[in-house]
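Participant: Questions regarding the structure given below will be posed in turn.
The values are calculated or read from the model by the stated rules, or taken from the named source; none is laboratory data. As the structure is a computational prediction, the values presented were derived from the model and not from experiment. Methodologically, a virtual Cβ is constructed for each residue, glycine included, from the backbone with ideal geometry; neighbour enumeration extends over all protein chains shown.
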Amino acid sequence: MMMLICGSWSAWGAADSRTLAGHWEADMTEEGRTFTFALELKPSGDILTGSVAISTRDRSFPITDGRIEGNSVSFIGFGKWTGTLRGDELALTRELDGGKKQRMTAHRTPAK
């Protein structure tokens, strides 16, 4: 019985990882300015890699320590990120040094 439950959990996580793959963008407004985060997500089983870029910088940051568990993700890349996949949206929270949190919603978009 335990093996069947574990097998089902793995299959569910793997299905969600396939829907995470690709280019996502999230707008975040703070202090009257809007920033666009571009995320290139590359899931492999329960591991998440890729990159994070922000519209006000001309470089990207690699995703490290990326994890997928069911419909939840967590990773480090220009901040500490957590998120939940909800249909076609990825609800994200970015935590900065000092504990400041920024919330945003990412949508899948064509890569630029």
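Participant: Just the residues that are loosely packed, with under 15 Cβ neighbours inside 10 Å and in a strand (DSSP E or B), please, taken from the range 19-35.
Facilitator: ASP27, THR29, GLU30, ARG33, THR34
Participant: Test ALA106 against the criterion of being within 13 Å of TRP24 (Cβ to Cβ) and either modelled with pLDDT of 95 or more or in a strand (DSSP E or B) (or both), and give yes or no.
Facilitator: yes
Participant: If you check SER55 against the conditions, is it modelled with pLDDT under 80 and of a type in the set (Ser, Thr, Tyr)?
Facilitator: Spelling it out, it is not the case that SER55 is modelled with pLDDT under 80 and of a type in the set (Ser, Thr, Tyr).
Participant: Here's a follow-up. Please determine whether any residue of the range 75-82 is touching a residue at least 40 places away in the same chain (Cβ under 8 Å) and polar (S, T, N, Q).
Facilitator: no
Participant: Let me spell it out: the conditions are (1) surrounded by 13 or more Cβ atoms within 10 Å (Cβ to Cβ); (2) in a loop (DSSP other than H, G, I, E, B), and ALA111 meets all of them except one. Which number is the exception?
Facilitator: For ALA111, the failing item is (1).
Participant: Do we have any residue at all in the range 3-10 that's at pLDDT below 95 and part of a strand (DSSP E or B)?
Facilitator: Checked the range 3-10: no residue is at pLDDT below 95 and part of a strand (DSSP E or B).
Participant: Okay, next question. For a quick check of your reading of the model, give me the residue pairs whose first member lies in the range 87-100 and is part of a loop (DSSP other than H, G, I, E, B), whose second is surrounded by 15 or more Cβ atoms within 10 Å (Cβ to Cβ), with beta-carbon atoms closer than 6 Å and at least 6 apart or on different chains.
Facilitator: Cβ pairs passing all conditions: LEU96/GLY79.
Participant: Mind listing just one residue for me: the one in the range 62-92 that is among the polar types (S, T, N, Q) and over 9 Å from the mean Cα position of the chain (by Cα) and, of those, surrounded by the most Cβ atoms within 10 Å (Cβ to Cβ)?
Facilitator: ASN71
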